[in-house]
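These notes concern the structure reproduced below.
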Amino acid sequence: MKSSISSRRLAQVAPLLLILLLALGWRLLLWAQPLHEPANDEVEYLRVARDLLAGQGWSFYAEWRWLRAPLYPLFLAGSLWLAGGDLQRAALPNIAASVAVVYLVYRLARELAPASDERAALLAALAAALLQTNATFASLYMSETLFSLLFGGTLLSLAVWRRSGGAWRLALAGALFGLSSLTRSAALVFLPALMLWVASVAMRRRGWLWPRGALAALLPAVCAALVIAPWTLRNCRVYSACVLVETGFAYNLWAFYEPREDLGTINRSLEAIPDPVARAGEATRRGLARLREDPSILLRKLPVEWSRLWAVKIIQDRFLLPSYYADPPPAVFLAGLLLDDVLYLLVLLLAGFGLAHGLARRDGLAILLALWMALCIAVTLLTHAEGRYRHFLFIALLPLAGFGADRLLRGAWPRPLAGLAVAAPVALALLPLLCYYPWSWALGGTPRSLYRWAGDGLAAAGRLEAAERAYLAALAANETPDGWLVLGDLRRRRGDLEGAAEAYDLAFALAGPYPAASARRGDLLRERGRADEARRAFEGRYLDAGRLTDWSYRFLRPRPATAIDLGNGLDFGYVGRVYPAERIYQATGRWTGGDGRLRLGDGGSLPGLLTLRVMAPWPDGKAVPLQICAGERCVLATLDQQWRTVRVLLPATSNEIALRSPTFIAPDGRELGVFLDWAEVRTMPRPTCADDRNSLEHSICSRGKGVFAEQAATFVAGVEATRGISRRLAPYRP
């Protein structure tokens, strides 16, 4: 009997489990792409999270143009700490939160639908799992996913309380609402509506007893206040006046109400004010002065912000790309058209249908969701709208869409009055969606992606001529820098260096400050021995040298090199996690960021002797430990403000070298570790016992037959030793 009950229970939950696994797999598939270039608020969040980990607190906001809500930077700092500082792995907690949002959508749709109806909830969960913007934002360092989780939990707690009662559920809803507000303070506008909704439900349940309804409404408000209070009190203590959560609204009031100043001037003016409260006061004063000067700004602003909220745009965070100028992978682009744009259109239409049904039967949860969407949209229109702000609405739209799809499949139509009430806002949302859709981008990108996909498959199969024809067809359909770059790579693979150079030149001419175009072009010129031309190619046009260095180390696979002169303009692809070149102590080199990388070696099978010229000119003059690691094996050197030439015996299998050290904060905000001048690797011939008795090789060989290979495999270090083996690296000064 127990077995049959368990089987039935498993059969009931199996569809939901499959949807959650689908959501997880889809998000991990997108996450597994190369690490994307941070965009929009990600840059700020990452900087603050790293400050928190470094013990710098909230110092970033002493000079930034606004004060941000604290919870997501804390969440991101915790994620980075768990990931050991690895940026890609730090997205995994956010992915887990995104999958949890899918479950919340399921539960909310379950509360909307009749008690015996599972289909509406499963359809809502499936839409939440597949919607590509949800899956993409799971890997972005942005607050939308965490907010959706916390605010969805608030809505679900209220829905379950409405059905089953329990004061603890109201308290939980209040606590989650407080956390939501500490993630995005725009949620605070919903608190009065939430309290009125709770009071009305409580009074309907117990009769018209106003005191009980008022007490029920106060419970979540008090719990929310208790959660928010520590941050507010901290602000009262640190700044010249109290700040409830953040000061973003003041900035929006000046920056997005047709200011006479450009954004650069506004930002510089605000960043010159040292106190966030005074900064917000100045922004508010300037914004209100502009409104008093021309009140019609508000009327002009509303339709513009409405269009920005609902229209589909080609934005930086639409795809997870290593550079803004890169093409999305073909499969990801094509999936985006279906699982982002088409599915978004369906969700909007079906959510309107579901809301009309919910309002017609005066469903309390449908009313609550409608209140949230109305207030969220109103605040967005009065401040500043972006397409990504739809994420704050999806937590309500998706359950309503699942409910609406189920009603439609059953052939149930809402009452005319409720349908008309919902039809107007849905039609107004559809208008910018359809009118401003980037049709040329979609119609050009579709054949480009199909041809590129075919070309990639042909190239992988070794059919290089057919692959070139496919790549040329992709360029004919939609010419992009990446289109020329993949063609150049293919020609280079075929040995057609002149053709590759032509393709790289065309990519460079078409691209803006795109690291891939400059790096590919510079690498080919470097390989052909044209050093001065290669340096100019690596410089690019208006190209950030730090981005070029990072991109080159991640994606370039240059010809193996046994020596690198760091900072000479030709080291791109061989060095990573370092800063742009600079000159110190009569030498041009690069600072590491505490975890520098070198790619050295001739690709041979014998061990090599690594030689580094390095120093640590820290302001306090103290000695700095440097770990030199290959694989899992590390040795230690101690550096100071003098140049050191350090020699290390590398394993035969290693050409990736890590240089790990503590860091200090420079006046410009950089975290600096050690300063590298040059590096070299020389292959160590396999020794015999007849070798010079004073050599390092003989000292290893004399330990016994076969010991050399064993010691090299365990990453033995030595500094021109004459006898014995040292496991601690002794710094060597020439």
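The values are calculated or read from the model by the stated rules, or taken from the named source; none is laboratory data. Note that the structure is a prediction, hence the values are computed from the model and not measured. Cβ: placed from backbone, ideal geometry, glycine included. Neighbour counts: every protein chain shown.
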Notebook entry, point to check: Do we find a residue being assigned to a helix (DSSP H, G or I) and not hydroxyl-bearing (S, T, Y) anywhere in the stretch 318-326?
Noted result: no
Note to self: Regarding the stretch 578-596, can at least one residue be identified that is in contact with a Phe, Trp or Tyr (Cβ under 7 Å, 6 or more places away or on another chain) and closer than 19 Å to R682 by Cβ?
What the structure shows: no
Notebook entry, point to check: Restricting attention to the stretch 594-650, which residues are free of Cβ contacts under 8 Å to residues at least 24 places away in the same chain and either among the aromatic types (F, W, Y) or farther than 22 Å from L672 by Cβ (or both)?
Noted result: E632
Item checked: Top-ranked residue of the stretch 281-317 - restricted to ones that are touching a Gly at 6+ places or on another chain (Cβ under 9 Å) and assigned to a helix (DSSP H, G or I), ranked as nearest to F256 (Cα to Cα) -> R308
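Please count how many residues of the stretch 74-92 are closer than 22 Å to Q56 by Cβ, part of a helix (DSSP H, G or I) and under 13 Å from the mean Cα position of the chain (by Cα). Even if it seems obvious, please write down each step before you answer.
Applying the first criterion (closer than 22 Å to Q56 by Cβ) to the stretch 74-92 yields 74-87, 90.
Checking which are part of a helix (DSSP H, G or I) leaves us with 74-82, 90.
From what is left, the residues that are under 13 Å from the mean Cα position of the chain (by Cα) are 76, 79-80, 90.
Counting residues in the stretch 74-92 that are closer than 22 Å to Q56 by Cβ, part of a helix (DSSP H, G or I) and under 13 Å from the mean Cα position of the chain (by Cα) gives 4.
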Next item on the list: Working only within the stretch 73-112, note down all residues that are under 24 Å from G178 (Cβ atoms) and in contact with a Phe, Trp or Tyr (Cβ under 6 Å, 6 or more places away or on another chain).
Entry: P73, L76
Checklist line | Residue, surrounded by the most Cβ atoms within 10 Å (Cβ to Cβ), within the stretch 654-684, restricted to residues that are more than 27 Å from the chain's Cα centre (by Cα), closer than 18 Å to G567 by Cα and not hydrophobic (A, V, I, L, M, F, W, C) | finding: D677
Margin query: Quick check on my filter: what residues within the stretch 73-102 are closer than 12 Å to L52 by Cα and in contact (Cβ under 8 Å) with a residue 40 or more places away in the chain?
Written below: F75, L76
Next item on the list: Kindly indicate the residue of the stretch 151-167 that is surrounded by fewer than 24 Cβ atoms within 10 Å (Cβ to Cβ) and touching a residue at least 60 places away in the same chain (Cβ under 8 Å) and also nearest to A124 (Cα to Cα) among those meeting that condition.
Entry: A159
Notebook entry, point to check: G457 passes all but one of (1) over 15 Å from P330 (Cα atoms); (2) free of Cβ contacts under 8 Å to residues at least 40 places away in the same chain; which number fails?
Noted result: (1)
Notebook entry, point to check: Looking at A173, A199, A216, A221, which is the one that is farther than 21 Å from R68 by Cβ and without any contact (Cβ under 8 Å) to a residue 40 or more places away in the chain?
Noted result: A199
Check: Given the conditions (1) in a helix (DSSP H, G or I); (2) in contact with an Asp or Glu (Cβ under 8 Å, 6 or more places away or on another chain), which single one is not true for G213?
Finding: (2)
Checklist line | Number of the condition not met by R234 [criteria: (1) within 31 Å of the chain's Cα centre (by Cα); (2) surrounded by fewer than 18 Cβ atoms within 10 Å (Cβ to Cβ); (3) more than 30 Å from A427 (Cα to Cα); (4) touching a residue at least 24 places away in the same chain (Cβ under 8 Å)] | finding: (4)
Notebook entry, point to check: Scanning the stretch 437-451 for residues that are of a type in the set (F, W, Y) and assigned to a helix (DSSP H, G or I), which turns out nearest to L475 (Cα to Cα)?
Noted result: Y451
Notebook entry, point to check: When you go through (1) modelled with pLDDT under 95; (2) within 25 Å of A135 (Cα to Cα); (3) of a type outside the set (D, E) one by one for L393, which number turns out not to apply?
Noted result: (1)
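Residues in the stretch 460-467: is at least one buried (at least 18 other Cβ atoms within 10 Å of the Cβ) and in a helix (DSSP H, G or I)? Don't jump to the end; show me each part of the working.
We begin by selecting, within the stretch 460-467, every residue buried (at least 18 other Cβ atoms within 10 Å of the Cβ); these are 467.
Next, only the ones that are in a helix (DSSP H, G or I) stay: 467.
Yes, the stretch 460-467 contains a residue that is buried (at least 18 other Cβ atoms within 10 Å of the Cβ) and in a helix (DSSP H, G or I).
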Check: For A467, which of the numbered conditions (1) among the hydrophobic types (A, V, I, L, M, F, W, C); (2) over 30 Å from S307 (Cβ atoms); (3) within 31 Å of the chain's Cα centre (by Cα) fails to hold?
Finding: (3)
Notebook entry, point to check: So D571 clears everything in (1) buried (at least 19 other Cβ atoms within 10 Å of the Cβ); (2) touching a Phe, Trp or Tyr at 6+ places or on another chain (Cβ under 8 Å); (3) within 18 Å of A679 (Cβ to Cβ) except one condition, right? Which one?
Noted result: (2)
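From E44, E37, grab the single residue that is part of a helix (DSSP H, G or I), of a type in the set (D, E) and within 24 Å of L87 (Cβ to Cβ). Reasoning before the result, please.
Values: E37 fails: part of a helix (DSSP H, G or I).
Selected residue: E44, the only one of E44, E37 that is part of a helix (DSSP H, G or I), of a type in the set (D, E) and within 24 Å of L87 (Cβ to Cβ).
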Notebook entry, point to check: If you check W26, W66, which single one turns out to be touching a helix residue (DSSP H, G or I) at 6+ places or on another chain (Cβ under 6 Å), in a loop (DSSP other than H, G, I, E, B), touching a residue at least 60 places away in the same chain (Cβ under 8 Å) and buried (at least 16 other Cβ atoms within 10 Å of the Cβ)?
Noted result: W66
Checklist line | Pick from the stretch 237-269, criterion crowded, with 16+ Cβ neighbours inside 10 Å, hydrophobic (A, V, I, L, M, F, W, C) and in contact with a helix residue (DSSP H, G or I) (Cβ under 7 Å, 6 or more places away or on another chain), ranking: farthest from A175 (Cα to Cα) | finding: I266
Notebook entry, point to check: Of all residues in the stretch 1-23 being over 14 Å from A138 (Cβ atoms) and surrounded by 15 or more Cβ atoms within 10 Å (Cβ to Cβ), which is modelled with the highest pLDDT?
Noted result: I19
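If I go through the stretch 123-151 residue by residue, how many of them are more than 22 Å from the chain's Cα centre (by Cα) and among the small types (G, A, S)? First the steps, then the outcome.
Initially, the stretch 123-151 is screened for residues more than 22 Å from the chain's Cα centre (by Cα), giving 123-127.
From the residues that got through so far, the ones that are among the small types (G, A, S) too are 124-125, 127.
Final tally of qualifying residues: 3.
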Margin query: Would you confirm, using the coordinates I've provided, whether P513 is within 25 Å of the chain's Cα centre (by Cα) and in contact (Cβ under 8 Å) with a residue 12 or more places away in the chain?
Written below: yes
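Restricted to the stretch 47-63, and to residues that are hydrophobic (A, V, I, L, M, F, W, C) and not in a loop (DSSP other than H, G, I, E, B), which residue is modelled with the lowest pLDDT? Steps first, answer last, please.
Here is the first cut: in the stretch 47-63, the residues hydrophobic (A, V, I, L, M, F, W, C) are 48-49, 52-54, 58, 60, 62.
Within this subset, residues satisfying the condition of being not in a loop (DSSP other than H, G, I, E, B) are 48-49, 52-53, 60, 62.
Working: V48: 95, A49: 95, L52: 93, L53: 91, F60: 91, A62: 87.
So, considering only residues that are hydrophobic (A, V, I, L, M, F, W, C) and not in a loop (DSSP other than H, G, I, E, B), the one modelled with the lowest pLDDT is A62.
Taking the stretch 364-388 only, how many residues are of a type in the set (D, E, K, R) and surrounded by fewer than 19 Cβ atoms within 10 Å (Cβ to Cβ)? Spell out how you get there, then give the answer.
Start the filter on the stretch 364-388 by keeping residues that are of a type in the set (D, E, K, R), which leaves 386, 388.
Subsequent filtering for residues that are surrounded by fewer than 19 Cβ atoms within 10 Å (Cβ to Cβ) retains 386.
Of the residues in that region, 1 qualify.
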Notebook entry, point to check: List pairs: first in the stretch 181-195 and in a helix (DSSP H, G or I), second hydroxyl-bearing (S, T, Y), Cβ under 6 Å, 6+ apart or cross-chain?
Noted result: T183/Y72; T183/S143; A187/S180; A187/S181; L188/S181
Notebook entry, point to check: Could we say that W484 is in a helix (DSSP H, G or I), at pLDDT below 95 and closer than 24 Å to A509 by Cβ here?
Noted result: no
Check: Got at least one residue in the stretch 186-208 being in contact with a helix residue (DSSP H, G or I) (Cβ under 9 Å, 6 or more places away or on another chain), farther than 20 Å from V101 by Cβ, surrounded by 15 or more Cβ atoms within 10 Å (Cβ to Cβ) and of a type in the set (S, T, N, Q)?
Finding: yes
